[in-house]
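Inspection log for the structure reproduced underneath, given as structure tokens.
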Amino acid sequence: MKTVAFFDTKSYDKESFLKLQDENINIRFFENKLNADTVSMAACCDAVCAFVNDSIDKKVIDELERFGVGLVAMRCAGYNNVDIKYARGRVKIARVPAYSPYAIAEHAMGMILMLNRKLHRAYIRTRDHNFSLEGLTGFDLNGKKVGIIGTGKIGMAFAKVCEGFGMDIIGYDPYPSKDFIGKYVDLDELLSNSDIISLHCPLTKENRYIINTDTISKIKKGAFIINTSRGHLIDTEALINGLKSGNIGAAGLDVYEEETALFFEDYSDEIIHDDTLSTLISMPNVIVTSHQAFLTKEALNGIAKTTMQNLKDYFDGEKLENEVII
């Protein structure tokens, strides 16, 4: 029997994976994130399963290789937290390229609706028996222009959601798709013409801080920015300055560039020492969710199914269809 160490696991991870557990694979669940301090937990294991905020750097890869761990199965699509080049020839890396693009697309639209119609503020008011509508005016999404940065499966699913609201859809992607239902434009045109900008691209060296002081200066005044992809796509300090100046009308953030030590954990009884995040959360035109966009039953099932297949293929010596190779 093969043993796999699952890191950074929560109750919903255990539930979805135990439903699909293979009799030849022994799963050891750990709540700890995988990093240089916790990698020793993978000793005597044949593979590890990691998530978005685990750190698979050179030190971790060296230790995994020393333990004889041959596979890191990422239970997510992104792998920017893995030193892929260093892992080559040492440890195989597999991922889940697609699970439920609708989960993330729908979450993005949910954030837009909440920010636009101030539903979060209205909810708090009515709980306090305040039924005033002052300050809650929004705008019709119908006829507004939405700019989608990244038109892969999630971006295209989001485009279809926007189409249902009667929005004018434009997109930017270095690798255009013939299936995209909107019109492709260059980045500057997207920034200057969009009422809402939604990020749906993987994090790469080329697009790190694609939203920065310079690009924010080109954004149509009052536009919304939505990010359900990766935190480092946005320079947070530049975003805050844009919000303070009014150049950015609102922001919906499911990810944050310094989220690793905070997201997925309960700190409700503690003081958060991240002043930048505290500033964002305090703003009435900002909504922060803690990397929640993927969290639907369908997505969890898809993640578990593909991850278990990746593990089975590796242990059976079959071709690893979802191996990350660069």
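When you check THR137 against the structure, is it open to solvent by 80 Å² or more (accessible area, probe 1.4 Å), more than 24 Å from TYR256 (Cβ to Cβ) and at pLDDT 95 or above, yes or no?
Taking the combined requirement at face value, the residue satisfies it.
Residue check: is ALA251 buried (at least 18 other Cβ atoms within 10 Å of the Cβ), on the phi < 0 side of the Ramachandran plot and outside any helix (DSSP H, G or I)? Answer is yes for this residue. Reported count of residues in the range 22-31, each being more than 26 Å from ASP57 (Cβ to Cβ), open to solvent by 60 Å² or more (accessible area, probe 1.4 Å) and out of contact with any helix residue (DSSP H, G or I) (no Cβ under 8 Å at 6 or more places or on another chain), is 1.
Of all the residues in the range 119-144, those that are among the basic types (Lys, Arg) and free of Cβ contacts under 8 Å to residues at least 40 places away in the same chain number 2. Within the range 32-70, the set of residues being part of a helix (DSSP H, G or I) and either basic (Lys, Arg) or open to solvent by 10 Å² or more (accessible area, probe 1.4 Å) (or both) comprises SER40, MET41, LYS58, LYS59, ASP62, GLU63, GLU65, ARG66, PHE67.
Taking only the range 1-21 into account, find how many residues are under 13 Å from MET308 (Cβ atoms) and either of a type in the set (Val, Ile, Thr) or open to solvent by less than 40 Å² (accessible area, probe 1.4 Å) (or both). Qualifying residue count, the range 1-21: 5.
Screening the range 86-119 for residues that are of a type in the set (Ser, Thr, Tyr) and modelled with pLDDT under 95 and picking the one that is surrounded by the fewest Cβ atoms within 10 Å (Cβ to Cβ) gives SER100.
Just checking, does the range 314-325 include any residue being open to solvent by less than 70 Å² (accessible area, probe 1.4 Å), in contact (Cβ under 8 Å) with a residue 40 or more places away in the chain and of a type in the set (A, V, I, L, M)? Checked the range 314-325: at least one residue is open to solvent by less than 70 Å² (accessible area, probe 1.4 Å), in contact (Cβ under 8 Å) with a residue 40 or more places away in the chain and of a type in the set (A, V, I, L, M).
Selection of the range 199-240 for residues being within 16 Å of the chain's Cα centre (by Cα) and aromatic (Phe, Trp, Tyr) yields only TYR209.
The values are calculated or read from the model by the stated rules, or taken from the named source; none is laboratory data. Keep in mind that this is a model prediction, so the values were computed, not measured. Backbone-built Cβ (ideal geometry, glycine too); neighbour counts: all protein chains shown. Note: areas computed on protein heavy atoms with side chains; ligands, DNA, RNA excluded. Shrake-Rupley method; radii C 1.70, N 1.55, O 1.52, S 1.80 Å.
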